[in-house]
Amino acid sequence: MNKKNYAGIPDKYSRLDNAKVVLIPVPYDGTSSWVKGADKGPEAFLHASENMELYDIETQSEVYKQGIHLTAPIIENSSPEKMVNMVHKIVKNYIKQEKFVTIFGGEHSVSIGNIRAFNECYEDLTVVQIDAHADLRPTYEGSAYNHACAVHEASKTCNLIQVGIRSMDVSEREFMDDYQTYFAHDLIHDESWIEDAVDQMTPNVFITFDLDALDPSILPSTGTPEPGGLLWFETLEFLKLIFKKKNVVGFDIMELCPNDIDKSSDFLAAKLYYKMLSYKFKTPNQDDDDE
């Protein structure tokens, strides 16, 4: 992965000393169980970001001017556990520097290290998992550091809210809080789910966004696509309310598995990342029309 400025922004907005935001790529794909290629996700995301307009119409802002520092990628392939430990260490280091830390994977096992770091730095943390899969297994294929175990630890240590779930193993039921799980098939019949989910969150929130939460019709390039997923504007509505009402302390985006034919998924991931930053740093006088 060639080291460039995020989205081709000028150097003055990309230096660590000036940047409010840190972006850490983690090109890891050590435990994927079906389609391989999530390790190519960060590079595809960054390439798409270079071809994206940097003025956000909705928030009337250019959030890159807050400063976005792109770090060197975290590359640790010797074992899933060592990868998680390295991610944990590096993420925590940037949090301690009072940066708004964001991570782009890579497959979802990366989030184990991310969540652990944020949970150690912020009290009473809510983890909002936006995902097609429950990812609650204690172990899978002999390891607790597997993509199928991405939020098992969080279910024990944090206030976990799961959104978009539509695939799981029966063994995961015992680790799931039904009152804080928003299954995809229920969302189409529930107009209040967004407000209900946000009300269940503590003040400090970390978002882990597995791109397979989105419907394959808008994002086909992921390792385990599932039908019946979230669509673009309902996803943004949910995210916007989280950022408005809670202190989002960081987020990750995982499981982009790019292909050579269709680049729309890469571009969606780029826009999603930029949208989330735009919501985070929206100024108080940038009011929505419906507020």
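The values are calculated or read from the model by the stated rules, or taken from the named source; none is laboratory data. Model, not experiment: these values are computed from the prediction. Glycine also receives a Cβ, built like all others from the backbone with ideal geometry; neighbour counts cover every protein chain displayed.
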Working only within segment 139-188, note down all residues that are out of contact with any Pro (no Cβ under 6 Å at 6 or more places or on another chain), crowded, with 16+ Cβ neighbours inside 10 Å and in a loop (DSSP other than H, G, I, E, B). Ala144, Asn146, Ala150, Val151, Cys158, Arg166, Met168, Met176
Any hit, segment 189-203, residues being surrounded by fewer than 13 Cβ atoms within 10 Å (Cβ to Cβ), modelled with pLDDT of 95 or more and over 19 Å from Ile242 (Cα atoms): no
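Residue by residue through segment 16-58, note down the ones that are part of a loop (DSSP other than H, G, I, E, B) and under 11 Å from Tyr274 (Cα atoms). Walk me through how you get there before you give the answer.
Going residue by residue through segment 16-58, those that are part of a loop (DSSP other than H, G, I, E, B) are 16-20, 27-37, 50-55, 57-58.
Passing the criteria: Met52, Glu53, Leu54, Tyr55.
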Tell me, which residue of segment 12-65 that is among the charged types (D, E, K, R) and free of Cβ contacts under 8 Å to residues at least 40 places away in the same chain is nearest to Asn77 (Cα to Cα)? Asp17
Output for Cβ contacts, cut-off 6 Å, separation at least six or different chains, first residue closer than 17 Å to Asp212 by Cβ in segment 119-144, second in a loop (DSSP other than H, G, I, E, B) and modelled with pLDDT under 95, reads Tyr140/Asn146
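The rows are residues; the columns are (1) out of contact with any Phe, Trp or Tyr (no Cβ under 7 Å at 6 or more places or on another chain); (2) acidic (Asp, Glu); (3) surrounded by 14 or more Cβ atoms within 10 Å (Cβ to Cβ).
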position	(1), (2), (3)
Asp39	no, yes, yes
Phe45	no, no, yes
Ala48	no, no, yes
Asn51	yes, no, no
Leu54	no, no, yes
Thr71	yes, no, yes
Ile74	yes, no, yes
Ser78	yes, no, no
Tell me which of these Phe118 doesn't satisfy, since it passes every other one: (1) hydrophobic (A, V, I, L, M, F, W, C); (2) buried (at least 22 other Cβ atoms within 10 Å of the Cβ); (3) within 27 Å of Tyr13 (Cα to Cα); (4) over 14 Å from the mean Cα position of the chain (by Cα). (4)
More than 19 Å from Thr102 (Cβ to Cβ) and of a type in the set (A, V, I, L, M): which single residue out of Ile194, Ile242 fits that description? Ile194
Every residue in segment 189-209 that is part of a helix (DSSP H, G or I) and in contact (Cβ under 8 Å) with a residue 60 or more places away in the chain, please. Ala197
Per the filter on segment 66-102, residues assigned to a helix (DSSP H, G or I) and either of a type in the set (Phe, Trp, Tyr) or without any contact (Cβ under 8 Å) to a residue 60 or more places away in the chain (or both) are Lys82, Asn85, Met86, His88, Lys89, Lys92, Asn93, Tyr94, Lys96
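Restricting to segment 207-258, give me the number of residues that are of a type in the set (S, T, N, Q) and either surrounded by 24 or more Cβ atoms within 10 Å (Cβ to Cβ) or in contact with a Pro (Cβ under 8 Å, 6 or more places away or on another chain) (or both). Don't jump to the end; show me each part of the working.
Step one: filter segment 207-258 for residues of a type in the set (S, T, N, Q), giving 208, 217, 221-222, 224, 235, 247.
If we keep only those that are either surrounded by 24 or more Cβ atoms within 10 Å (Cβ to Cβ) or in contact with a Pro (Cβ under 8 Å, 6 or more places away or on another chain) (or both) as well, we get 208, 221-222, 247.
The total comes to 4.
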Can you name every residue in segment 209-234 that is in contact with a Phe, Trp or Tyr (Cβ under 7 Å, 6 or more places away or on another chain) and closer than 20 Å to Ala148 by Cβ? Phe209, Gly223, Thr224
